Amino acid sequence: MAPTGATAYVTPAVSSSPAVVLRGLTKSFPKQRGWRAMFSGKARESVRALTDVSCEVRAGEFFGLLGENGAGKTTLFKILATLVTPDSGSAVVGGHDVSKEPSHVRELLAPVIADERSLHWRLSGLENMRLFAALHGLRGAQATRRIEELLALVNLVEAADRLVSGYSSGMKQRLLVARTLLARPSVLLLDEPTRSLDPISARSFRQFLREDVALAQGCTVLLATHNAEEAFELCDRVGVLHRGRLVATGATPELAREVGEDRFAIWIRPADQAAIDTLAARGVMREVKVAEPDAEGWSRIECDLRGGLDGAAEAIAFFSLRGVSVARCEPVKLSLADLLERVLARHANA
Amino acid sequence: MHKAWALIRSNWLAASSYKLSFMFSFGSLILSVVPIFFISGALQKTMADVIKGQGDQYFAFLVVGLIALNVVSSTVNALPSGLQTATSTGTLEAMLATPTSLSALLAGLSGYEVLLSLLRGFVMLVAAGLLGAHVAWLRLGASIPIIALVVLAHLPIAILTAAMVLAFRTRGPLPQIVMLASTFLGGVYYPTTVIPGWIESISAFLPLTYGLKALRPVLLEGRSLTAVWRDVSILLAFTAVTLAASVVAFRAALGYARRVGNLAQY
C-alpha cells in the first residue's frame, strides 16, 4: 500500500541482486583543536560520523536515507563516491570495494552534486555537458548523441545555449542530473536534491527523478533527505540514520504504516471526553492529544488509530452513536522529528 | 590529454565570456611595456657591462626577465588557485567523481592560466620588438623548449602547494617564498652575478636563474641550444627530481584528505 497522500508512481523492476552492500561501515573525523590542545600531548579527539552501518540496496531500487542534519547521510554518500575512506567496515558497489577499487566504483556510481555552484555558471548548459562528457571519456558523435539525448530528457534543449547563470534553480537541478547521467551510471546518489526548490518545482522534480531517471534510465537510486514526505513519496525502501547509526530499514509502505500512517486528526463537537476514554480503553485510540475547542466548538483530536482507516471508521461510528458530530477525519503527515522520535522509541524498546 | 584540453577549453570559454575585461587585460599589457622602455633606456649605460653575454640591450634583457617571471608566477599559482576555486564551488567533487586521472585533472586545472601567460609573454615580446627591443626572432622556436622547461621546473612547487590546499585548505608560505626569491634573486632585473656575497648562493637553488641564463643568450643573442646546454641540463635534473617528489607528496595529501574528509569539503 502506498503511503496516504503520496503521488502514484510506476514501480521500477527491482532485482534481487544487491547494487550496494554496506557492512559495519564506521567513520570518524578528527576534531579541530586549538594551539594549547595541540601541544598538550593528549590524543586527538574525533567525531563519530557513522557507526557500524550495514544494509543492502538491490539493483533497480529507489532507496531513501532519512535523517536530520549531521546524521551521517552525506558522509555515507562521500564514502560511496570514493571521496572519503572509511575507518572500518566495507562498502561494495556492483561487486567492487570503494576502498580497494575506487576507479571501478567511479565507473558504476555517480553522485548528483545538488549544489548549483558545482556547475560552470559562465558556460552554457551545452558546454557544461560537453566538458563532463569529455571527463567521462565520451568523444565525437557518441558524446554529441548522448548530450542531445539527455538535454531532451531533462527538457533543456531550448535553453542549452544559454549561460547557466541565467537558469532557474529547477533548470540547474535538471542539468546537474543530466550531467551525472552522461556516463550511464548504474547507481545514482542524490543528496537532498530538492532543498533549493520551491514546493511545486520540488514535486515536479521528484516525479522526474522517479519516472525519467530511475525508471527510464534503469538506475539504482540512493536518495538522502531530511524530508520524510519526500522519502515516503519516492522510495521503495527507506533507512533511517540517526547520529551515524542506521536505526531502521524497511519497505516504505511498511515503515510508513509502522511509524506514522496510523496517525489521524479528527474534528468533533462536543469534545466528549468519556467517548474518547472509552475508545482509548478499547485500544482503538492511542497517544491522544485533544486541543481546546475553537470558536464554533470543534475540537481537534490527534491520535494513533489502530488499523489505520479501519480504526478511523470505527471511531467515527462510535462518536456518531454517542451523538458526537464528526466534521473531518484525515491522516497526519509526520514531521521528521516525530518520525525519528517514534523510530528511536521502537528501537529502544527492541 | 583529451580530458585536460576539455578543462582548459572550458576555462578559456568562461574567462573570455567576460569580453571587456579580457580585451582590457591585453591592452594594458601592451601599454605596460612603455614605462619599461623608458626606465630601461635611462639605465642602459649603467647596465651595459653587467648584462654582457645576455643581450646587449637592457630593455630586451628586462622584458625577457619579466615575461619569464610572469610565466613562473602563473605556473606556481594557477594550480592551487584552480584547485581552491574548484573546491569552493563544488566542481572538484563533481570532477573527482568522473574517471579522470589525477594528472589530467591537474593539467586541466592549471593549463589555461599557464598557456595564457605564455600568450601574454609573446604579446609583450612583440610589443617590445615594436619599440625597438633587440630580439633574435629566428631563435624564437629554440626558446620554446627552454620556456617549457621553466614551466616544468616550477610545476613541482605548484603541485606541493596544491597538496597543501588539499590537505590543510591553505597554500602555505612556499609559493610566496619562491616568488619573492625568484623576483629578487633569479636574475629578472639584473644578472645574478651582481648580487653580493652569500645571498648570491641562494640564486643557485632557483630554477628561474638557470632558465633565464639559458633563455637570454638564445632569444637575445641568437645562440643555439647547445651553447646553453649546462643550464638546460641543470633545469632538467631539477625538474626530474622535484617533480617526482611533488607527485609523491600530492598522492599522500590526497590520501590524507580522503581520510579526514577534506576532499571536496566546501
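The values are calculated or read from the model by the stated rules, or taken from the named source; none is laboratory data. Not measured: the values here are computed from a predicted model. FYI the Cβ positions are ideal-geometry reconstructions off the backbone, even for glycines, and counts take in every protein chain you see.
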Failed item in (1) among the β-branched types (Val, Ile, Thr); (2) free of Cβ contacts under 8 Å to residues at least 40 places away in the same chain; (3) in a helix (DSSP H, G or I), with A:Thr74 passing the rest: (2)
Selection within segment B:1-31 - modelled with pLDDT of 90 or more and not aliphatic (A, V, I, L, M): B:Lys3, B:Trp5, B:Arg9, B:Ser10, B:Asn11, B:Trp12
Test for B:Ile177: is it within 21 Å of B:Asn70 (Cβ to Cβ) and touching a residue at least 40 places away in the same chain (Cβ under 8 Å): no
Residue check, A:Pro86 within 10 Å of another protein chain (Cβ to nearest Cβ), touching a Ser or Thr at 6+ places or on another chain (Cβ under 6 Å) and not hydrophobic (A, V, I, L, M, F, W, C): no
Residues that are more than 30 Å from B:Gly53 (Cα to Cα) and hydrophobic (A, V, I, L, M, F, W, C), drawn from segment B:153-206: B:Ala158, B:Ile159, B:Leu160, B:Ala162, B:Ala163, B:Met164, B:Val165, B:Leu166, B:Ala167, B:Phe168, B:Leu174
Odd one out for A:Gly95 among (1) over 22 Å from the mean Cα position of the chain (by Cα); (2) modelled with pLDDT under 95; (3) within 12 Å of chain B (Cβ to nearest Cβ): (3)
Flag for A:Val177 being touching a residue at least 24 places away in the same chain (Cβ under 8 Å) and surrounded by 23 or more Cβ atoms within 10 Å (Cβ to Cβ): yes
Residue that is nearest to the other protein chains (Cβ to nearest Cβ), among those in segment A:104-126 that are among the small types (Gly, Ala, Ser) and within 19 Å of the chain's Cα centre (by Cα): A:Ala110
From B:Val228, B:Val241, B:Val218, residue being more than 14 Å from chain A (Cβ to nearest Cβ), more than 17 Å from A:Thr82 (Cα to Cα), within 23 Å of the chain's Cα centre (by Cα) and free of Cβ contacts under 8 Å to residues at least 12 places away in the same chain: B:Val241
Condition check for A:Gln217: assigned by TED's automatic domain parsing to the domain that holds A:Ser54, out of contact with any helix residue (DSSP H, G or I) (no Cβ under 7 Å at 6 or more places or on another chain) and either of a type in the set (S, T, N, Q) or crowded, with 21+ Cβ neighbours inside 10 Å (or both): no
Which numbered condition B:Leu66 fails, given (1) at pLDDT 95 or above; (2) of a type outside the set (D, E, K, R); (3) crowded, with 21+ Cβ neighbours inside 10 Å: (3)
Criterion (assigned to a helix (DSSP H, G or I) and within 16 Å of the chain's Cα centre (by Cα)) met by exactly one of B:Leu105, B:Leu140, B:Leu160: B:Leu160
Any hit, segment B:164-183, residues being under 26 Å from B:Leu43 (Cβ atoms) and crowded, with 20+ Cβ neighbours inside 10 Å: yes
Pick from segment A:134-146, criterion at the interface with chain B (Cβ under 8 Å from one of its Cβ atoms) and in contact with a Lys or Arg (Cβ under 8 Å, 6 or more places away or on another chain), ranking: modelled with the lowest pLDDT: A:Gly137
Every residue from segment A:157-173 that is more than 14 Å from chain B (Cβ to nearest Cβ), under 22 Å from A:Arg203 (Cβ atoms) and buried (at least 17 other Cβ atoms within 10 Å of the Cβ): A:Ala159, A:Tyr167, A:Gly170, A:Met171
Verdict on A:Glu149 being assigned to a helix (DSSP H, G or I), in the same structural domain as A:Ala224 (by TED's automatic domain parsing) and either in contact with a strand residue (DSSP E or B) (Cβ under 9 Å, 6 or more places away or on another chain) or surrounded by 20 or more Cβ atoms within 10 Å (Cβ to Cβ) (or both): no
Filter pass, A:Leu50 being more than 22 Å from B:Thr100 (Cα to Cα), aliphatic (A, V, I, L, M), within 14 Å of another protein chain (Cβ to nearest Cβ) and crowded, with 23+ Cβ neighbours inside 10 Å: yes
